[in-house]
1. Which is part of a loop (DSSP other than H, G, I, E, B) and under 29 Å from Asp349 (Cβ atoms), of Met232, Met268?
2. Can you report the number of residues in segment 178-224 which are within 29 Å of Val311 (Cα to Cα) and charged (D, E, K, R)?
3. Look through segment 120-140, keep the residues that are in contact with a strand residue (DSSP E or B) (Cβ under 6 Å, 6 or more places away or on another chain) and either at pLDDT below 95 or assigned to a loop (DSSP other than H, G, I, E, B) (or both), and return whichever of them is farthest from Gly152 (Cα to Cα).
4. Ser336 is checked against (1) within 26 Å of Gly95 (Cβ to Cβ); (2) touching a Phe, Trp or Tyr at 6+ places or on another chain (Cβ under 7 Å); (3) in a strand (DSSP E or B); (4) of a type outside the set (Val, Ile, Thr) and fails just one. What number does that condition carry?
5. Go through segment 121-179 and count every residue that is surrounded by fewer than 14 Cβ atoms within 10 Å (Cβ to Cβ), among the acidic types (Asp, Glu) and either under 20 Å from the mean Cα position of the chain (by Cα) or closer than 17 Å to Ala273 by Cβ (or both).
6. Checking Glu359 against (1) touching a helix residue (DSSP H, G or I) at 6+ places or on another chain (Cβ under 9 Å); (2) closer than 14 Å to Asp254 by Cβ: exactly one of these is not met. Which one?
7. Tell me, which residue of segment 203-239 that is β-branched (Val, Ile, Thr) and over 16 Å from Gln113 (Cα atoms) is surrounded by the fewest Cβ atoms within 10 Å (Cβ to Cβ)?
8. Restricting to segment 308-326, name every residue that is under 16 Å from Tyr190 (Cα atoms) and without any contact (Cβ under 8 Å) to a residue 60 or more places away in the chain.
Amino acid sequence: MRRTTRSALLAAGLVLALAGGPLAAPALAAPERTAHGTAAGTTAGPDAEALAAAIAGLPDHDATAAVIRVGGDGTWRGAAGVRDVRSGAPVLADGRFRAGSVTKVVTAAIVLQLASEGRISLDGTVQQYLPGLLTGDFAPITVRELLNYTSGLHSGAPLGDTVEEGYPHRFETLTPRQVVAASVAQGPAYAPGTRQDYDNIHYTVLGMLIEKVTGDSYAHQAAVRVFRPLGMRDSSFPCGADPRIHGPHNRGYDWIDGKLVDVTDWNMSDRWAAGDLISTTADLQRLLVGLFSGRVVPEPQLKEMFTLPDVPGARYGAALERFELNGKVIWGKTGSRPGYATVIAATRDLSRTLVYSVESTDAKGDGQGTAERFGFPAFNR
């Protein structure tokens, strides 16, 4: 892994390799840290000491900043690090960031809403809703199989499998149709409904399905069906190939060839309905609570998110992943884009919720390490 080659790269200071070339590390401002203990009257709130320890010392080799929100029975909030390594300006607790595959939760919610309205059947097929998209080599693939990652589609076309490979192509465009065409050209990976393979391709096709059924853009459907009803005022999708994060935001960095590189500006259009969301921790908290409480997707469609398919080793329902920690069943979604790692997670009854954004310097490679450091303390008691 890249991580093993990076462990000795941070010594007395940080060295940046930005557009203008390597820079001496700036004098970093003291990290801003805020933390609030458990709510009054609770006895088993989040582990405030462990959460505070997780953000202590930022920025460091693994992350330049972190913003964490824990809710439910007891609350805790913390923010530490810098918004910009060049200036050393303190982290923005309400700053925007790339939420990566958390986008899939929004996409699944829209599809399940359409199902509740009778406009889509979860047992309907890609061939039915998007005629001509797949070749005759493919068996019927249902909407449900796209939602739970059992469609049998191969991965689509990438602009690099790693951050290092993708960085020179960061301003190039791959359209969703190009991504899907590259998948289809490979033929089926396996029979639909027989295996679960997490991949962006399932949700890229779902984005196309949403647009076909509604006659509207995916981004506008997300705004009117999810963002506006929940008051997610700082959530949006880039306009086409726009590589920027508009509005107040914390910049993202990644180690590339031994230098810390600003990777904030990046055209993510190939991720689209699978990973193009820009949001804040406050907005993602609204999404998490609104979704789990039934204000976004009605029953019985909501249960699809919490139902694993009957295939070996299944871990995902519709978008959401199930895991257990200290006897708690937790449902959530991770997301990563160069420079940014994001998690939303909660118990089904919302007795404990977690949202965090970490400006991780190895966001595409250290997902488990980020979760152990910043996520597990929220559920460890």
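The values are calculated or read from the model by the stated rules, or taken from the named source; none is laboratory data. Keep in mind it's a predicted model, so treat the numbers as computed, not measured. Counting neighbours? That spans all protein chains shown, and the Cβs are built from the backbone with ideal geometry, glycine included.
1. Going through Met232, Met268 in turn, just one is part of a loop (DSSP other than H, G, I, E, B) and under 29 Å from Asp349 (Cβ atoms): Met232.
2. 3
3. Applying the filter and picking the extreme gives Asp123.
4. Every listed condition holds for Ser336 apart from (2).
5. Selection size over segment 121-179: 1.
6. (1)
7. First, the residues of segment 203-239 that are β-branched (Val, Ile, Thr): 204-205, 210, 213-214, 224, 226.
Then keep just the ones that are over 16 Å from Gln113 (Cα atoms); that gives 204-205.
Details: Thr204: 25, Val205: 28.
Here the answer is Thr204.
8. Asp310
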